[in-house]
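Quick notes on the structure that follows.
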């Protein structure tokens, strides 16, 4: 538990404009800042940050909130994690509620920080060797020859691990780093005989692997052509050598490129999943900055859950060979279980994303990604294209598709997939296909489960433009709520939701003299106009003098409009009273009608004089 006072202190010490500015390019727009929304794809900026209110709002996707909600959304972390991160960054001391757990946390954090610092030193060392070591040019030739620019190499911090046995070990020793720590994170290996260690990575192009928070936790080293100064090798080294799992790194939980691409993934609401280091860097360089890649392992459920924290859709972009097709089939089990919307890009036989980009260009790949079939469509097409041309093989292939189609919840989608199976396998009788699918999945298991898709609710807007305008003035300048004119406003508001907003503003100003945006939204959480309120809080439109002038002019106008709206109803009541013979009621309503008519004329006359 973190107290409200501490949350407020963290919020005060972490200016929202500075925090969001690390993710979004913001430009001044009145009293707010404006930029491209990091949560959806847009070309015209509709994302506003109001620094003094500590609030952001997107007029496109309607995302809004404070510095905590922004970081939770963009980083995929929980509130306690974000609060602790910001507290450490801003120097806020959080109270200790469980001394034992806190001590354990601090011990683990101290070890993690120490190991992370050591890995960072190694990263800097490899980056320096890329340009300083006599053989670093071989590593540069490797990525430049594949079309990877120096700029991209710098972005992903590519480096060079020198040949020999202990270049890194000696460097780390000179910094005072612990050999035990360096061994623990897989940078050095103990010698089999004698004392000391040797470098795990030697004469390799180094790819630092960062976790989702941007901390380097592992390396992937690609073998290079032998340098002239190297001794002749008895056996060629493995093409790639990856860090072993260690306290910082669990390969099934890390996706290469996720930290660099997380904002773009949010914006696109889609991830491109590839397989290789060069593929990943080449895709980012070509503009596909939402690409990620698993490291030295198959696509796991942990990977899928990690992706789902940032996007609902994943596009599988594997090599166009037998291994790539197998990887898609294995990925289906994962994405269907986690609930990702998966699509598959088919590359030409023998091509990978890196070679395809160099040979056919980014636009050709973009077309394939945009038009990529769903993973079920791909599995149907691939099964039909690779099946032996005989009835038994076709029947067996169709039966194997049964369990796949059984997981499709929508009966309409299942029907379309059924027709696709029949068409791709060249069978005109759809009923025969359905029976064969059932043979593969078991009797009755193709019943559709109820869909759980959330239905997007329309955003509520105030019933009266003038009433909402007057409330927005009080949001911009809350001190006006105590003006004599503003005190008349509650009686003139016909919307209960607007009245609730007025009452909340009044209570907050009376209590603390200003608006607390987060508290206001919490208080009005169930208000139907909360989306409208969020949008208003993101942009301040009026100065104090402007607001006071508009309020002075708007209140009489609203009063007149309410009267004009009431007169026809009052007239109808008079007619009804006379129809039933209630002359006394009709006379009283008539006097009320005349008084309201005079008031309307008077208000109208005053308005003209203004």
| message | Please compute the length gained on full extension between residue 3 and residue 385, using 0.36 nm multiplied by the number of residues separating them and subtracting their Cα-Cα distance. | response | 131.4 nm
| Cα-based shape type of segment 24-139, given that a ≥ b ≥ c are square roots of the gyration tensor eigenvalues and the cut on a/c is 1.5 | oblate
| message | As I understand it, the value is the acute angle between the Cα axis of helix 322-338 and the longest principal axis of the Cα atoms of the chain; what does it come to in degrees, rounded to 10? | response | 40 degrees
| query | Where does each of 126-136, 408-418 land if you order them by average Cβ count within 10 Å, highest first? | reply | 126-136, 408-418
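Please arrange 216, 67 by how many other C-beta atoms lie within 10 Å of their C-beta, fewest to most.
Values: 216 20, 67 23.
Least crowded to most crowded, the residues run 216, 67.
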| field | Two-site label geometry, residue 580 and residue 465: point separation in nm, points 7 Å out along Cα→Cβ | value | 3.9 nm
| Using Cα atoms only, what is the angle between the long axis of helix 411-424 and the major principal axis of the chain, expressed in degrees (0 to 90) to the nearest 10? | 40 degrees
| note | Using alpha-carbon positions, the gyration tensor of the chain gives root eigenvalues a ≥ b ≥ c; with a/c under 1.5 called rounded, otherwise prolate if a/b exceeds b/c, else oblate, the class is oblate
| message | I'd like the FRET efficiency for residue 412 and residue 312, computed as 1/(1 + (r/R0)^6) with the beta carbon distance as r and R0 of 30 Å, rounded to 0.05. | response | 0.95
| In what sequence do 119, 539, 367 fall when counting other Cβ within 10 Å, fewest first? | 367, 539, 119
| field | Peptide ranges 481-488, 49-56 listed from the most packed, as the mean C-beta count within 10 angstrom indicates | value | 49-56, 481-488
| task | Measure off 7 Å from each Cα along the Cα-to-Cβ vector at residue 507 and residue 230, then give the distance between these two points in nanometres to one decimal. | result | 7.2 nm
| message | How would segment 109-249 be classified by its alpha-carbon gyration tensor: rounded, prolate or oblate, with rounded meaning a/c under 1.5 and the a/b versus b/c comparison settling the rest? | response | oblate
| field | Cβ-based exposure ranking for 526, 396, in which fewest neighbours within 10 Å come first | value | 526, 396
| query | At a Förster distance of 25 Å, what's the computed FRET efficiency of residue 564 paired with residue 591, Cβ-Cβ distance as r, to 0.05? | reply | 0.85
| query | Measuring from label point to label point, each 7 Å out along Cα→Cβ, what is the residue 173 to residue 341 span in nm? | reply | 5.7 nm
| request: Compute the acute angle (0 to 90°) between the alpha-carbon long axis of helix 391-406 and the principal axis of greatest extent of the alpha-carbon atoms of the chain; round to the nearest 10°. | output: 40 degrees
| Which value in deg cm²/dmol, rounded to the nearest 500, describes the helix-derived mean residue ellipticity at 222 nm for the chain, given -39,500 (n - 2.57) per DSSP H run of n ≥ 4 and division by the residue count? | -17000 deg cm²/dmol
| remark: Computed from the beta carbon distance with a Förster radius of 45 Å, FRET efficiency for residue 552 and residue 128 to the nearest 0.05 stands at 0.10
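Every read-out reported here was derived from the displayed coordinates using simple, explicitly stated rules and does not represent laboratory data. Since the model is a prediction, treat every value here as computed from it, not as a measurement. Cβ coordinates were reconstructed from backbone atoms using ideal geometry, including for glycine residues, and neighbour counts include every protein chain displayed.
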